[in-house]
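A short write-up of the structure that comes next.
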Amino acid sequence: MTDIFSAIQRTAIRIKDAIDTKDIGYSQQENSSGETQLQLDIKCDMIIEEEFSNVASIHTIASEEKEKELMLHKEGRYFIAYDPLDGSSLIDVNLSVGSIFGIYENGFGAQNMVASCYVVFGPRVEMVFAHNKAKLHLLQGTEFEFVKEIRLNEKGKLNAPGGTQQNWKPYHKELVDSFFAEVYRLRYSGGMVPDLHQILLKGGGLFSYPGTSDKPDGKLRKLFEVFPFAFIFKTAGGEAIDGKKDLMELDFAHIHDTSPCFFGSKYEMQRVKEVYANN
Ligand code: FDP
Ligand code: ZN
């Protein structure tokens, strides 16, 4: 796995450079979810594909920006699903974005996940890699230095509610409001990576992206976004559910499938389960 960890570090340094220097205009292409790709989305996808092509232990990759999976090395064991530039719609306003990597063994699927990683491109570049523990690293020059292990508290103070409020179910609105009534603070940038990174580093809270009337299965993608963060939250002592079930127990049918998702510390997840159990 060290070779994969090193390859991700190289991609992070190259993506950081691309964010700093490349044109951010729209391309003429759409990705599999029907979103118009930025030239930068395509560039970052290419960087990751290039770096992973040099790692013999990687069997197959699947990218949020590619329609289909791509086999790289027949003899490899690992299957990596990645979102090259999550939150790329925030690039033009200079908010933080990220890359997400789910590392699976012998095939994609939550049950096969063995490690997970994301990189946040903010004022500084940070990386969280979860295997047995969730560990924070900071880019200093050309090296990632270990900073600390991430552990969530039992209860947090932040509330990050995703999705269009008009399309929320009434009980979901009550759930979100119940945390504000307990003086949780609103924190939502619209970038999954920085929004979840904030909850992880501030000790806990709730990030929710529910099923809505227009998107019953939510927006966030299982293989590239939901499973990788579920693995990290669980490794850090938190929980990750779809409302009722542990996200890591979900199946997937297609690589671009989505799921409603809730991430946080134990206290908030207990409330989510209570509310969703009755609905
Ligand atoms: P984006 O479309 O900008 O890539 O990946 C999906 C995502 O961003 C997440 O990063 C983010 O959490 C979510 O969409 C935000 O969606 P809403 O605008 O519907 O809140
Ligand atoms: Zn994304």
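Computed from the coordinates by the stated procedures, all read-outs in this text should not be read as laboratory data. Since this is a predicted model, take the numbers as computed values, not measurements. Neighbour counts run over all protein chains shown; Cβ positions are idealised from the backbone, glycine included.
Compute the signed sum of charges (Lys and Arg +1, Asp and Glu -1) over the other residues within less than 15 Å, Cβ to Cβ, of Val275.
Net charge in that neighbourhood comes out at -1.
Provide the percentage of antiparallel DSSP beta bridges, counting only those with both residues in region 158-277; round to the nearest 5. Walk me through the intermediate numbers first.
Details: 9 of 15 bridges.
So the antiparallel bridges in region 158-277 amount to around 60 percent.
Counting alpha carbon pairs within less than 8 Å and at least 6 residues apart, what relative contact order, in whole percent, applies to region 2-149?
On the way: 282 pairs, mean separation 20.3, N = 148.
Computed value for region 2-149: 14 percent relative contact order.
Within region 180-279, report the GluC sites (Glu not before Pro) that DSSP leaves as loop and that have at most 15 other Cβ atoms within 10 Å. Mind showing how you got there, number by number?
Details: sites: Glu182, Glu225, Glu239, Glu249, Glu268, Glu274; in loops: Glu182.
For GluC sites (Glu not before Pro) across region 180-279 that sit outside H, G, I, E and B with at most 15 neighbouring Cβ atoms in 10 Å, the list reads Glu182.
Which residue, Ser6, Ser32, Tyr276, has the largest displacement toward the positive end of the dipole of the chain when charges sit on each Cβ (Lys, Arg +1; Asp, Glu -1)?
The residue sitting most towards the positive pole is Tyr276.
What three numbers, in Å, describe the spread of the alpha carbons of region 158-277 along their principal axes, ordered from the longest?
On the principal axes, region 158-277 reaches 39, 31, 27 Å in Cα extent.
Rounded to the nearest 5, what is the percent of antiparallel bridges among the DSSP beta bridges in region 1-151?
90
Starting from the coordinates of the alpha-carbon atoms of the chain, obtain the Kirkwood hydrodynamic radius over all distinct pairs and give the value in Å to one decimal.
Details: mean 1/r = 0.0533 Å⁻¹.
Mean inverse Cα-Cα distance, inverted, gives 18.8 Å.
Apply the Kirkwood formula to region 61-181: the hydrodynamic radius equals the inverse of the mean of 1/r over all pairs of different alpha-carbon atoms; give it in Å with one decimal. Please list the in-between numbers first.
On the way: mean 1/r = 0.0576 Å⁻¹.
Result for region 61-181, one decimal place: 17.4 Å.
For each pair in Lys215/Lys273; Lys68/Lys222; Lys135/Lys157; Lys135/Lys202, compute the distance between the two Cα atoms and list the pairs where it is over 18 Å. Please report the intermediate quantities before stating the final value.
Working: Lys215/Lys273 20 Å; Lys68/Lys222 15 Å; Lys135/Lys157 22 Å; Lys135/Lys202 15 Å.
Flagged as over cut-off: Lys215/Lys273; Lys135/Lys157.
Alpha carbons only, please: Rg and Dmax for region 1-120, in angstrom.
13.9, 43
Going by amide H atoms built from the backbone, whose H comes under 5 Å of the H on Ala115, apart from near neighbours?
So Ala115 has HN proximity to Ile103.
DSSP loop (so not H, G, I, E, B), at most 15 other Cβ within 10 Å: list which trypsin sites (Lys or Arg not before Pro) in region 219-252 pass both filters. Don't jump to the answer; show the numbers that get you there.
Numbers: sites: Lys219, Arg221, Lys222, Lys234, Lys244, Lys245; in loops: Lys219, Lys244, Lys245.
Here the trypsin sites (Lys or Arg not before Pro) that fit, given the DSSP loop and packing criteria, are Lys244, Lys245.
If you keep only loop residues by DSSP, which trypsin sites (Lys or Arg not before Pro) in region 67-116 have at most 11 other Cβ atoms within 10 Å of their Cβ? Intermediate results must be reported in sequence, preceding the final value.
Numbers: sites: Lys68, Lys74, Arg77; in loops: Lys68, Lys74, Arg77.
The qualifying sites are Lys68, Lys74.
What number comes out for the charge environment of Gly218, summing +1 per Lys or Arg and -1 per Asp or Glu over other residues with Cβ under 14 Å away?
Numbers: positive: Lys169, Lys215, Lys219, Arg221, Lys222, Lys244, Lys245; negative: Asp214, Asp217, Glu225, Asp242, Asp257.
My count for the surroundings of Gly218 gives +2.
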